[in-house]
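The values are calculated or read from the model by the stated rules, or taken from the named source; none is laboratory data. Being a predicted model, the structure only gives us computed values, none of them experimental. Using ideal geometry, Cβ is built from the backbone for each residue, glycine included, and neighbour counts are taken over all protein chains shown.
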Amino acid sequence: MNKVKKIVVLLFSAVVVFYCSSNSAPTEKSSIEVATENLTVADYAIEGMVCAMGCAATIQKEVASVSGVVHATVNYETGKAHFEFDDAVISEQEIIETIENIAEGQYKTKQWVESDSFEEEIEVETEDLDVSEASQSSLTSVRLPSFKIPNLFTLLLDQI
């Protein structure tokens, strides 16, 4: 019985050593030298993403692997993609085509426009206010954050 244990341990060790020695360490992407006049920065809004780990990470990885791309970042929560690339090597259109060809055309790109997505605009009605007509023209719209707090009592009752 002792010999069997030794043989099993020896075989296990041999398999582990063989497996570990056959896998080479991942190679890092070599740094790309880009002249300042060729460096282009592009931001896009990407539609069609459903998760951060699959969609955003896949887009980021695919675009980063394209020759000429220096930096690629895709944020699922904001839907924003930021790319820095050498326009002498690759064009914006080629980056857009790369994104839109991933997952059989699931993703669509648009130019990124800065906006306050968590705020909604509320118009102030001046009819109810005692304000002169001259000062009405100086009123501005007010933006308030929009969010809902869940009713904990209802959530607890749903669990019962």
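Structure values in brief
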{"item": "Hey, Ser117 in a helix (DSSP H, G or I), at pLDDT below 65 and out of contact with any Phe, Trp or Tyr (no Cβ under 6 Å at 6 or more places or on another chain) or not", "result": "no"}
{"item": "Leading residue by the ranking (surrounded by the most Cβ atoms within 10 Å (Cβ to Cβ)) among those in region 65-90 that are in contact with a Phe, Trp or Tyr (Cβ under 7 Å, 6 or more places away or on another chain) and β-branched (Val, Ile, Thr)", "result": "Val69"}
{"item": "Residue in region 80-93 that is over 24 Å from Gly54 (Cβ atoms) and modelled with pLDDT under 65 present", "result": "no"}
{"item": "Extreme residue, surrounded by the fewest Cβ atoms within 10 Å (Cβ to Cβ), among residues of region 97-114 that are in contact with a Gly (Cβ under 8 Å, 6 or more places away or on another chain) and assigned to a loop (DSSP other than H, G, I, E, B)", "result": "Gln106"}
{"item": "Residue within region 50-70 that is modelled with pLDDT under 65 and either part of a strand (DSSP E or B) or of a type outside the set (S, T, N, Q) (or both) present", "result": "no"}
{"item": "Criterion violated by Thr58 - all others in (1) closer than 16 Å to Asp43 by Cα; (2) under 15 Å from the mean Cα position of the chain (by Cα) satisfied", "result": "(1)"}
